[in-house]
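The structure appears below as structure tokens.
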Amino acid sequence: MMKFAILAALLAGAAMPAQAAVLVLNSGWQYDEVGAANSASNNSPWTFTLTQSADFLVTDAFNQGDVYRILNSVDASLVGTTAFSTDGDLSVTDFFGTSWLDTAYSRVRITLGAGSYSFDIYGNCAGGCPAGFGVQLVGGVIPEPATWGMMIAGFGLVGGAMRRRAAATA
């Protein structure tokens, strides 16, 4: 009976699809790469759910000349393609941010509304394979209710400590 349970668990695990890469809003750049021309990236599909609008960013950063296509994982429709253009509104100085500002590397910004998304990213390896790139999801930061509660409690503790200190010196 134990052998049957182990076999069933192994078969169930083998039947499950590969794990998707989950992208978190405002968590910084994530690295991915394409191993062969016109193939999906190693971490595809990139999945995420938005409660507000945000920008999905993809930038080449390693081999100049690479172009990436972003496809909807559900119906394979084209969502966007990286291009060699100037988009100087991202003022960061990390590795991918520097590449974002350099017109020698292709980039794309896709503005999305609230909803659930799943994207596959394909590269042409024009600059060579493997072709590495950065992915980021940026948007306005609205604190969660729990964060507001912790912040208010923190202000209360600081105020209480200041009040005790003032009473002790008087």
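Each value in this text was obtained by applying a stated rule to the coordinates, not by laboratory testing. Please read these numbers as outputs of a predicted model, since none were measured by experiment. Heads up, the Cβs are rebuilt from the backbone with ideal geometry, glycines too, and the neighbour counts pull from every protein chain shown.
Peptides 72-81, 121-130, 27-36 ranked from most to least packed, by the mean per-residue count of other Cβ atoms within 10 Å: 121-130, 27-36, 72-81.
Considering only alpha-carbon pairs that sit under 8 angstrom and 6 or more positions apart, the relative contact order computed for region 19-139 is 46 percent. Between Asn26 and Thr49, full extension at 0.36 nm per residue minus the direct alpha carbon distance yields a gain of 7.0 nm. Remark: region 121-130, residue by residue, has Karplus-estimated 3J(HN,Hα) of 10, 10, x, 9, 6, 4, x, x, 10, x Hz, where x stands for each Gly or Pro and the curve is 6.51 cos²θ - 1.76 cosθ + 1.60 at θ = phi - 60°.
Across region 33-48, computed HN-Hα scalar couplings (Karplus, 6.51 cos²θ - 1.76 cosθ + 1.60, θ = phi - 60°) run 8, 9, x, 9, 4, 6, 10, 5, 5, 4, 9, 5, x, 8, 10, 6 Hz from first to last residue, x flagging Gly and Pro. Put simply, the amide H of Asn63, placed in the peptide plane, has neighbours under 5 Å in Gly132, leaving out anything fewer than 5 places away on its chain.
Charge dipole of region 19-139 (Cα centre as origin; +1 on each Lys and Arg Cβ, -1 on each Asp and Glu Cβ, all else neutral): 140 debye, rounded to the nearest 20. In this structure the amide hydrogen of Gly80, modeled in the peptide plane, comes within under 5 Å of the amide hydrogens of Ile70, none closer than 5 places in sequence on its chain.
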